[in-house]
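The structure appears right after this line, and notes come after that.
The values are calculated or read from the model by the stated rules, or taken from the named source; none is laboratory data. Predicted model, so just to flag it, every value in this text is computed and none were measured. Reconstructed Cβ throughout: ideal geometry from the backbone, glycine too, with neighbour counts over all protein chains shown. Quick note on the areas: whole protein, heavy atoms, side chains included, nothing else; ligands and nucleic acids left out. Shrake-Rupley method; radii C 1.70, N 1.55, O 1.52, S 1.80 Å.
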2 protein chains.
Amino acid sequence: MSRSREGLKAAGEWSALEPLLPDFRGKAVLDLGCGYGWHAKYAADHGARRVVASDISRRMLERARKINRHPTIFYRQEAFEDAEYRPGGFDVVLCSLMLHYLSSYDQFLDKVTRWLKPGGQLIYTVEHPVFTAAGSQDWEYDETTGAIRCFPVDRYYLEGERDAVFLGEHVTKYHRTLTTYLEGLLRRGYTLEHVVEPQPTEEMVRTVPGMADELRRPMMLIVSARRGGRKGGQPGGHGM
Amino acid sequence: MSRSREGLKAAGEWSALEPLLPDFRGKAVLDLGCGYGWHAKYAADHGARRVVASDISRRMLERARKINRHPTIFYRQEAFEDAEYRPGGFDVVLCSLMLHYLSSYDQFLDKVTRWLKPGGQLIYTVEHPVFTAAGSQDWEYDETTGAIRCFPVDRYYLEGERDAVFLGEHVTKYHRTLTTYLEGLLRRGYTLEHVVEPQPTEEMVRTVPGMADELRRPMMLIVSARRGGRKGGQPGGHGM
């Protein structure tokens, strides 16, 4: 599920995400929807004590085990819906571009909140509600010239399944409003630390064809939140 | 600037905003862009010790002084850019649908942060970044049938002036990203308490012509944030 197939720097959001990542030293980290394992490897390389990296895709995990092998990373194949971990076992939960594939955000938050220590940090990236609302995930084009007219928003408050087309394949995604994403965290006592819509860097706009159009719409949202509103996250600590 | 010309209940966002308002009893309240004074009156009616309500429009204030007169409300005509208040003088700052007319959000936050007590609450409503991005604030229509196709998003990351048309008049508004709105608060040490995109109630959708279309796009954003991350806001207290 990760787009990081050429490494972290190939992912458009990396320059916005990296500064928001915590000091991983001594931390127990869970990477949900780890894909090829780039974020897990980054955490391990930056001193994480233990990284559990899970994904539903056997094919991705096979590759992750090859290209992002590390003694402190444990790769696991599982559907998020079936995953179970020890309560309070993680200092940090990462989740890159998986949430819009899950039918239940509440289940996601309930589980992650259980697995995080009080004071622990959840950082996720997700497709932006603007990007998922209408469903097609394609621009509106001028019928005569074929040029992009705008990006369409529709059905914004009608949350739920969307049938998107990605590289010619139909994919089911789930649209949620920004309100749902943020209030779900606030209602569970999280403190929001960052809410960032990553945008292409000037260099990307200059050098990558078509990238200038990505200044016209937000595609992604990064949210960083701390459980229980307490700082801390002492390595190995018990929080409460 | 307020749309509350028929009272609070006529404003589409009121049912989402009211539950987010604080207990006003004993509080010093500043209402920026007060329009006809409906929010100021609400705060006064709910026990505010003192309400300063300011707006740039003489016409609106004249009407406010007639229809929403109250012994604890002081109406003032002033441009926000010229406003100055005593540091730490307010427990609550309200600002309804004014921010998208201001050229500088940083100036707004710097001033409000100075005027709020530590632990004080800022609640604002603003036109949603989705609504302000492209500029026209109008739907995309099917050229043949004239039916709404979608709401257009464009120039999302290009913040700044937009030329909008409202009731046939050209109005200058300012577009900002969600990131700018929220990170501006977080960077100044605010705790986000609520981020809500108000949507029409079922009753409004059923009874108001055209209202069903407002489920297709977000028009407004409500943000509630607490200065300094400290609860408190004791009436008359000094915070720190």
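Among residues other than B:Ser57 whose Cβ falls under 11 Å from its Cβ, what is the net charge (Lys/Arg +1, Asp/Glu -1)?
On the way: positive: B:Arg58, B:Arg59, B:Arg63; negative: B:Asp55, B:Glu62, B:Glu78.
Within the 11 Å Cβ shell, the charges total 0.
Decide, for the stretch B:1-118, between rounded, prolate and oblate: order the square roots of the alpha carbon gyration tensor eigenvalues as a ≥ b ≥ c, take rounded if a/c falls under 1.5, and otherwise choose prolate if a/b is larger than b/c, else oblate. Don't skip to the answer; put the middle values down first.
Values: a/c = 1.33, a/b = 1.15, b/c = 1.16.
Since a/c stays below 1.5, the shape of the stretch B:1-118 is classed as rounded.
If you count only protein heavy atoms and use a 1.4 Å probe, how large is the accessible surface of B:Asp106, to the nearest 10 Å²?
Approximately 80 Å² of B:Asp106 is accessible to the 1.4 Å probe.
Please list, in chain and number order, the residues 5+ apart from A:Met220 or on another chain whose amide H is under 5 Å from its amide H, with Hs placed from the backbone.
A:His128
What distance in nm separates the two pseudo spin-label positions at B:Tyr85 and B:Arg49, each 7 Å out from Cα along the beta-carbon direction?
1.4
I'd like the accessible area for A:Met219, computed on protein heavy atoms only with a 1.4 Å probe and all protein chains in place. Round to 10 Å², please.
Looks like 60 Å² after rounding.
What GluC sites (Glu not before Pro) does the stretch A:141-234 have in DSSP loop regions with at most 11 other beta carbons within 10 Å?
Details: sites: A:Glu143, A:Glu159, A:Glu161, A:Glu169, A:Glu183, A:Glu193, A:Glu202, A:Glu203, A:Glu214; in loops: A:Glu143, A:Glu159.
Sites meeting the loop and neighbour criteria: A:Glu143.
Around A:Glu193, which amide H atoms from residues at least 5 apart in sequence, or from another chain, sit under 5 Å from its own amide H, with H modelled in the peptide plane?
Those qualifying (amide H under 5 Å, at least 5 residues apart or on another chain) are A:Ser224, A:Ala225, A:Arg226.
Quick one: order B:Arg114, B:Arg217, A:Arg227, A:Arg59 from most to least accessible surface, probe 1.4 Å. Numbers along the way, then the final one.
Values: B:Arg114 110, B:Arg217 20, A:Arg227 55, A:Arg59 155 Å².
So the residues, ranked largest to smallest area, are A:Arg59, B:Arg114, A:Arg227, B:Arg217.
Counting other Cβ atoms within 10 Å of each Cβ, which GluC sites (Glu not before Pro) in the stretch B:61-131 have at most 12 and sit in a DSSP loop? Show your work: numbers first, answer last.
Values: sites: B:Glu62, B:Glu78, B:Glu81, B:Glu84, B:Glu127; in loops: B:Glu78, B:Glu84.
Here the GluC sites (Glu not before Pro) that fit, given the DSSP loop and packing criteria, are B:Glu84.
Got a sec to turn the phi values of the stretch A:24-32 into Karplus ³J(HN,Hα) couplings, 6.51 cos²θ - 1.76 cosθ + 1.60 with θ = phi - 60°, whole Hz, x for Gly and Pro?
7, 4, x, 8, 8, 10, 10, 10, 8
Put a point 7 Å out from Cα along the line to Cβ at A:Pro19; what are the distances to that point in the other copies, in nm, shortest first?
From this label point to the equivalent ones elsewhere in the assembly: 3.5 nm.
Per residue of chain A, what 222 nm ellipticity follows from adding -39500 (n - 2.57) for every DSSP H run with n ≥ 4, rounded to the nearest 500?
Numbers: 7 runs with 53 residues, N = 240.
Helix-only estimate at 222 nm: -6000 deg cm²/dmol.
Chains A and B: buried accessible surface, both sides, probe 1.4 Å, rounded to 100 Å²? Intermediate values should be presented prior to the final figure.
On the way: alone 12130 and 12180 Å², together 21300 Å².
The buried area between A and B, both sides summed, comes to about 3000 Å².
Rounded, prolate or oblate: which fits chain B when a ≥ b ≥ c are the square roots of the eigenvalues of the alpha-carbon gyration tensor, with rounded for a/c under 1.5 and prolate only if a/b beats b/c?
prolate
Quote the FRET efficiency, to the nearest 0.05, computed for B:Arg76 versus A:Ala10 with a Förster distance R0 of 35 Å and r equal to the Cβ-Cβ distance. All intermediate terms of the calculation are to be shown ahead of the outcome.
Details: r = 55 Å, r/R0 = 1.56.
The computed FRET efficiency comes out at 0.05.
For the stretch B:40-45, take each phi angle, set θ = phi - 60°, evaluate the Karplus expression 6.51 cos²θ - 1.76 cosθ + 1.60, and give the result in whole Hz per residue in order, putting x for glycine and proline.
3J(HN,Hα) across the stretch B:40-45, in whole Hz: 4, 5, 4, 4, 5, 5.
Considering amide H positions built from the backbone, and no H for Pro or chain starts, which residues 5 or more places from B:Cys34, or on another chain, come under 5 Å of its amide H?
Those qualifying (amide H under 5 Å, at least 5 residues apart or on another chain) are B:Ser54, B:Asp55.
Quick check: pseudo-label points 7 Å beyond the Cα along Cα→Cβ at A:Ala212 and A:Ser57, how many nm apart are they?
Once both label points are built, they end up 3.2 nm from each other.
For a 27 Å ceiling on Cα separation, which of these pairs sit above it: A:Lys41/A:Lys111; A:Lys9/B:Lys173; B:Lys27/B:Lys173; B:Lys117/B:Lys173? List each step's numbers first, then the result.
Numbers: A:Lys41/A:Lys111 23 Å; A:Lys9/B:Lys173 36 Å; B:Lys27/B:Lys173 32 Å; B:Lys117/B:Lys173 30 Å.
Beyond 27 Å: A:Lys9/B:Lys173; B:Lys27/B:Lys173; B:Lys117/B:Lys173.
Can you work out the Karplus-derived ³J(HN,Hα) for every residue in the stretch A:135-144? Use 6.51 cos²θ - 1.76 cosθ + 1.60 with θ = phi - 60°, whole Hz, and x for glycine or proline.
Karplus values, whole Hz, x for Gly and Pro: x, 6, 6, 10, 5, 8, 10, 5, 5, 7.
Which percent of the accessible heavy-atom area of the stretch B:81-240 goes to carbon and sulfur, probe 1.4 angstrom?
Numbers: 3420 of 6890 Å².
C and S fraction of accessible area: 50 percent.
Ignoring ligands, DNA and RNA, how do B:Phe166, A:Phe90 rank by accessible area with a 1.4 Å probe, largest first? All intermediate terms of the calculation are to be shown ahead of the outcome.
Details: B:Phe166 115, A:Phe90 5 Å².
Sorted descending by solvent-accessible area, the residues read B:Phe166, A:Phe90.
Mind jotting down the distance between the C-alpha centroids of the stretch A:22-79 and the stretch B:119-155, whole Å?
So the two Cα centres are separated by 40 Å.
Is the C-alpha gyration tensor of the protein assembly as shown telling us rounded, prolate or oblate? Criteria: a/c under 1.5 is rounded; beyond that, a/b larger than b/c is prolate, otherwise oblate. Walk me through the numbers on the way to the answer.
Working: a/c = 2.14, a/b = 1.37, b/c = 1.56.
It is oblate, given that a/c is not under 1.5 and a/b is not larger than b/c.
Which trypsin sites (Lys or Arg not before Pro) from the stretch A:69-113 combine a DSSP loop assignment with at most 14 other Cβ atoms within 10 Å?
A:Arg69
Once both labels are modelled 7 Å past Cα along the beta-carbon direction, what's the B:Asp23-A:Thr172 spacing in nm?
Here the modelled spin labels are 4.7 nm apart.
Which three semi-axes in whole Å describe the equivalent ellipsoid of the stretch A:1-61, each the square root of 5 times a Cα gyration tensor eigenvalue, listed largest first? Please list the in-between numbers first.
Details: eigenvalues 65, 50, 13 Å².
For the stretch A:1-61, the ellipsoid semi-axes come out as 18, 16, 8 Å.
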